[in-house]
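J.: Below are the structure tokens for one structure; questions will follow.
The values are calculated or read from the model by the stated rules, or taken from the named source; none is laboratory data. Everything numeric here is computed off the predicted structure, so don't read it as measured data. Here the Cβ is made from the backbone with ideal geometry for all residues, glycine too, and neighbour counts use every protein chain on show.
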Amino acid sequence: MSRTSPRSFAPDAAMVFAAGLGSRMRPLTDRLPKPLVAIAGVTLLDRALDAFAEAGVATAIVNVHHLADQIETRLEGRERPRVTVSDERERLLDQGGGIKKVLAQFGGRPFFVCNTDAFWVGAREDNLRRLAGIWDAEIMDVALLLAPRLGSVGVEWDGDFHRAEDGRLTKRAAGETADYVYAGIGILKPQLFEGVEQEAFPLAPFFFRAAEQGRLFGVALDGKWLHVGTMGAIEEAERAVAEETDRPRQVEGER
């Protein structure tokens with residue numbers, strides 16, 4: 001299977017999902033939007049945007065709904081990446097609808113999508129470039145960054161996908177367990193949304209349809225994945241960041 005290198009392809013735009021209600025984190029999220037929850041002093045939203053800046057992504061579209069004013073205030077003054085706000089105050093569109101609303105801004109080119117309730121620590125490689133490095137537009141409609149179900153923080157379910165040796169993904173069937181979970185970042189073709197008439201709709205069915213057609217692929221991230229979806233996961237994530245910060249760094253050439 002052909003592969004491009006991280007230098008030869010990388011989307012220059014991302015859709016960052018920051019509009020959700022954060023219901024599983026109430027009562028905290030009654031007054032603070034989940035993307036502004038801070039782990040080790042850095043908000044989840046800033047961690048996502050910083051990762052895109054590091055990977056050279058020029059533009060991030062951030063959708064807002066719940067406590068939108070707080071998120072807009074947080075984004076003021078950010079230059080890397082350049083941020084455009086997609087206002088969903090009147091109606092929450094779900095992830096698929098949020099993409100459809102701004103689809104023209106991607107100029108017909110593949111783009112990143114990013115949840116803001118997860119990040120990673122201890123990566124030796126840039127995981128966004130790692131994902132871009134597997135992209136092959138001829139055989140893929142979607143490429144996902146994956147995390148191992150075991151060993152990740154905040155994974156309370158039985159996994160999402162099985163991964164074949166060539167990177168092709170299949171959906172976990174009911175009653176099964178799968179080795180990998182979706183790590184909240186993917187690359188999508190904009191053509192997936194052509195002809196969709198609904199305004200509000202989820203994104204996951206597009207992943208599953210691509211899997212059925214053999215056009216969903218994935219790569220495991222480097223480092224330890226932290227899913228911050230509940231109040232309890234905040235403490236777990238804080239502990240994991242502290243452990244990584246305290247870990248001795250291997251000097252090049254040491255064995």
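J.: Quick one: Glu238 ticks every box in (1) in a loop (DSSP other than H, G, I, E, B); (2) within 24 Å of Phe52 (Cα to Cα); (3) among the acidic types (Asp, Glu) bar one, so which box is it?
T.: That leaves (1) as the condition not met.
J.: Only one residue in Val153, Val142, Val102, Val64 is of a type in the set (Val, Ile, Thr) and at pLDDT below 95, so which one is that?
T.: Val153
J.: Any idea how many residues of segment 46-83 are outside any helix (DSSP H, G or I), touching a residue at least 40 places away in the same chain (Cβ under 8 Å) and within 18 Å of the chain's Cα centre (by Cα)?
T.: 11
J.: Any residue in segment 10-30 that is at positive phi sitting within a Cβ distance under 7 Å of a residue that is of a type in the set (S, T, N, Q) and buried (at least 21 other Cβ atoms within 10 Å of the Cβ)? List the pairs, counting only those 6 or more apart or interchain.
T.: none
J.: Out of the residues in segment 1-43 that are at pLDDT below 95, of a type in the set (A, V, I, L, M) and over 24 Å from Ala242 (Cα atoms), state the one that is surrounded by the fewest Cβ atoms within 10 Å (Cβ to Cβ).
T.: Met1
J.: Here's something else I'd like to know. May I ask you to list the residues in segment 198-236 that are small (Gly, Ala, Ser) and either closer than 28 Å to Leu32 by Cβ or free of Cβ contacts under 8 Å to residues at least 12 places away in the same chain (or both)?
T.: Ala200, Ala204, Gly223, Gly229, Gly232, Ala233
J.: For Ala118, which of the numbered conditions (1) buried (at least 23 other Cβ atoms within 10 Å of the Cβ); (2) in contact with a Lys or Arg (Cβ under 8 Å, 6 or more places away or on another chain); (3) of a type in the set (A, V, I, L, M) fails to hold?
T.: Evaluating Ala118 over (1) buried (at least 23 other Cβ atoms within 10 Å of the Cβ); (2) in contact with a Lys or Arg (Cβ under 8 Å, 6 or more places away or on another chain); (3) of a type in the set (A, V, I, L, M) leaves (2) as the failure.
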